[in-house]
Each structure stands twice: as structure tokens, then as C-alpha cells.
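The values are calculated or read from the model by the stated rules, or taken from the named source; none is laboratory data. From a predicted model like this one, the values you see are computed outputs, not experimental measurements. FYI the Cβ positions are ideal-geometry reconstructions off the backbone, even for glycines, and counts take in every protein chain you see. For accessibility, only protein heavy atoms count, side chains too; no ligands or nucleic acids. Shrake-Rupley method; radii C 1.70, N 1.55, O 1.52, S 1.80 Å.
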Amino acid sequence: MSTGEMETGLLLRGLGGSNPLGFLAAIGAAVVAAESCAGLRFGWRQTGRGWSPLFLGCGCDEREFSERILDMLQRAPVTVFDVDNKMPYDVGKFSEALKEAQDSSSIDGRRDTDLLAGMGTELYPDTRSGQFQDSKFRMVRSGDAAGQGLPYYAKANLEALTLDRLHLSIFGAWDYRDEGYSLRWDPIGDQRYALRWRDPSKSKLADGPGMMLGADCLAVEALRWFPTMPVGRQAVTTGFQRAGRREIYFVWPIWTPELEPETVRSLLALPDLTREPIDYESLGMRGIAEVFRSQRIQQNQYYSNFLPAQPV
């Protein structure tokens, strides 16, 4: 048994709960694993690296777990990412994709429906562009010079993902040696031009941090548990809190009991997480040991980033 294995489960040491990308990747790993591990439960444990997720009901073999997750990621359809390369896009196309996903959904399989709900809402589209209102997790440019955005990036990253790199993201110390399309969910990606020692358009991987492909690919699957829905006429993404007129935060809980996936899903949308002041006594009764929040900043009109998380 390797150092990351425990008698009754797996400690996913690479996925740090205080990093928004690490947390999202842990949720994504649970979303994917739950499809093949009927008894999956998971909570968080404090380690030398901070908070790490403990998965029960998925065996105790790290390599076998990584192989299973990679196989499921690669076999999953990319239908929802094929609708358009950019995001958001025409609300008519989005509505049609939603209808097709709904018609093909069942109690045992609703991945496309949940992913689309995590991408945005067809209600109250932008009156000028005719595009749907999309998720606050879309932090890359809607469409780059080639017309490519989050859907294209998600597909390209998955095609580049290897077993070793996925395994390192889940169980290892992140080395940021991957090249790919960052979705800007890791605060280390906040590499603003004025703070860099080299022109980013001329930089190479050796000049600065790359990314963790495995974490980004898993985090995309987490969108299934963070739907975007209209509140009034504005789209609101689960897990996000607006403070004042300008500040926006991603807020998430760390819980210690091993919980079933549907219970975890309800925790992510718990209103008490965004109430001020935080009632830790009430949250503690639900097993929540800590709450983190990370500010979503907009560098310019195209890109956003998370700042390092702080405990609330």
C-alpha cells in the first residue's frame, strides 16, 4: 500500500481544498467516480498540505483509480462542447441543445443536461448579441482570434491528457509542467502583464508556470454540480456571492464527515455559506469545518482570475 492509500479509502493528496481549482477538481473527481462507485462517499482531511479529499467506496489502489477516471473521462461524449467552439453563443442553439439533452436524459444518465445547466441559462438572453447568459466559471475569453473558447479548450485539454499527468494532479505535488488551455481557475494563473518579467506572448513553458491538465479536466466535470439559473433577470451561478456592486466571490465549504454525492451537491448550494457573518455553529452541525472564498477579478474585458482563497 502506497503512502496515499488508507485502509478504507483513498486520500487524494494532490487536490488541495484551499485552492479553487483543487476544490473543483475534487468535486469533478467525485462526479465522475460516482458513476462507477455506487457507494461513493467523501469528506476532507487535514494533511501536511492542508485539506485533502478522502474517497471511500472506490477501492484503495491509486493507479487503478486514476486509470478508471481517465477511461471514463475519455469515453464520455463531448456533445455539449461540440455545439459551438466559443461560449456564450446564440441562445437558439443553446436552447436546442438543452432540449435534446433533456429528451435523452434519464434517472441514470443526465450528464449533458447537467453540463449545459452548468454552462448557463437560456432565459433572459442578451438583447444585443442574442447570446445566452453564461456561468461565472467562464473566465477565459468568449472566443479568441480563432473563435475558440471554453468548449474548445475543454475538448483540447482532454485530448492532451495522459494517465501520468492525471495521476500527478490527483495524488502528487503539482509541478505545473503541462501545456494546454488554462481555464483560469487556479490563482497561480493570475500572471498580469505588468507583473511578469517577460512578454507573455514570447514566453515558453520554462519561463513560468504552466498548468495541471488533469485538474482542469476534472474541474470541467464539476460544472455539473454548479448550475447557473436566473434570479430576476440576471444569471446567478451556484457558489458565487456578490459583495457590493463590484466584488464577486466563489465560496465553498470543507466538510469532514464522509457524505454521499447528493448530500455534497446540496452543501454546495447552502445559503448559509454566503450569509454574513458566517454562522459556524450552524454550519458545524452540518459537518462543515471551514469555508473558503476566492475573489473573482476581471483583468480586462476578456479574462478573469481567482485570487488566492481566504478562510471566511
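Please list 3J(HN,Hα) in residue order for the range 112-128, calculated via the Karplus relation 6.51 cos²θ - 1.76 cosθ + 1.60 where θ = phi - 60°; whole Hz, with x for glycine and proline.
4, 4, 5, 5, 5, 5, x, 8, x, 10, 7, 7, 6, x, 5, 5, 7
Calculated from the structure, Cα Rg over 2.2 N^0.38 Å equals which of (i) 0.96; (ii) 1.07; (iii) 1.24?
Here Cα Rg over 2.2 N^0.38 Å agrees with entry (i).
I need the peptides 297-305, 148-156 ranked by packing, meaning the mean over residues of other C-beta atoms within 10 angstrom, with the highest value on top.
Highest mean packing first, the order is 148-156, 297-305.
Just to verify a number: what accessible area does Thr47 come out at with the full protein assembly present, 1.4 Å probe, Å² rounded to tens?
About 50 Å², rounded to the nearest 10.
Through the Karplus equation 6.51 cos²θ - 1.76 cosθ + 1.60, θ set to phi - 60°, convert the phi angles of the range 149-162 into ³J(HN,Hα) values in whole Hz; use x for Gly and Pro.
Along the range 149-162, the couplings run x, 3, x, 5, 4, 4, 5, 5, 5, 5, 5, 8, 6, 10 Hz.
Say a paramagnetic label sat at a point 7 Å from the Cα of Glu35, along Cα to Cβ; which residues of the range 104-146 have their backbone N under 18 Å from it?
104-119
Quick check: residue separation of Tyr176 and Gln301 times 0.36 nm, minus the Cα distance between them. What number comes out in nm?
Result for the pair: 42.4 nm of gain on full extension.
Could you work out [θ]222 nm for the chain from helices alone, using -39500 (n - 2.57) per DSSP H run of at least four and dividing by all its residues? Round to the nearest 500 deg cm²/dmol.
Working: 10 runs with 98 residues, N = 312.
So the calculated ellipticity at 222 nm is -9000 deg cm²/dmol.
Tell me the net charge near Ala154. Cut-off is 15 Å between Cβ atoms, Ala154 excluded, with +1 for each Lys or Arg and -1 for each Asp or Glu. Can you show the working numbers first?
Details: positive: Lys86, Arg111, Arg138, Arg141, Lys155, Arg184, Arg224; negative: Asp82, Asp84, Asp112, Asp114, Asp134, Asp144, Glu159, Asp178, Asp216, Glu221.
Charge balance near Ala154 sits at -3.
Highest mean first, what order results for 19-32, 120-133 on Cβ atoms within 10 Å?
Result, highest mean Cβ count within 10 Å first: 19-32, 120-133.
Sort 222-229, 97-104, 54-61, 167-174 by packing, meaning the average of other beta carbons within 10 Å per residue, with the highest value first.
Top of the packing list down: 222-229, 167-174, 54-61, 97-104.
Mind listing the long-range amide H neighbours of Trp44? Cut-off is under 5 Å, sequence gap 5 or more, other chains count too, H placed in the peptide plane at 1.01 Å from N.
Under 5 Å from the amide H of Trp44 lie the amide H atoms of Leu54, Trp255, Thr256, each far enough along the sequence or on another chain.
Could you let me know the centre-to-centre spacing of the range 68-123 and the range 276-298, using Cα atoms, in angstrom?
The distance from the Cα centre of the range 68-123 to that of the range 276-298 comes to 30 Å.
Over the range 21-180, what lengths in whole Å, largest first, do the semi-axes of the equivalent ellipsoid take, defined as the square roots of 5 times the eigenvalues of the alpha-carbon gyration tensor?
Over the Cα atoms of the range 21-180, the ellipsoid semi-axes are 31, 19, 15 Å.
In debye, nearest 20, what is the charge dipole magnitude of the chain about its Cα centre with +1 on Lys and Arg Cβ and -1 on Asp and Glu Cβ, if you could check?
On the way: 35 positive and 41 negative charges, 243 e Å.
Taking the Cα centre of the chain as origin, the dipole is about 1160 debye.
For the chain, which cysteines have no second Cys with its Cβ under 4.7 Å from theirs?
Result for the chain is Cys60, Cys217, no neighbouring Cys Cβ within the cutoff.
Subtract the Cα-Cα distance of Ser282 and Thr256 from 0.36 nm times their separation in residues, and report this length gain in nm to one decimal.
7.9 nm
For the chain, what's the relative contact order in percent, using C-alpha pairs closer than 8 Å and at least 6 residues apart?
23 percent
Show the residues, 5+ positions off or on another chain, whose built amide H is closer than 5 Å to the amide H of Ala235.
none
Convert each backbone phi in the range 164-174 into a coupling constant with the Karplus relation 6.51 cos²θ - 1.76 cosθ + 1.60 (shift: θ = phi - 60°), then list the ³J(HN,Hα) values in order as whole Hz, x for Gly and Pro.
4, 6, 5, 4, 5, 4, 7, 10, x, 8, 5
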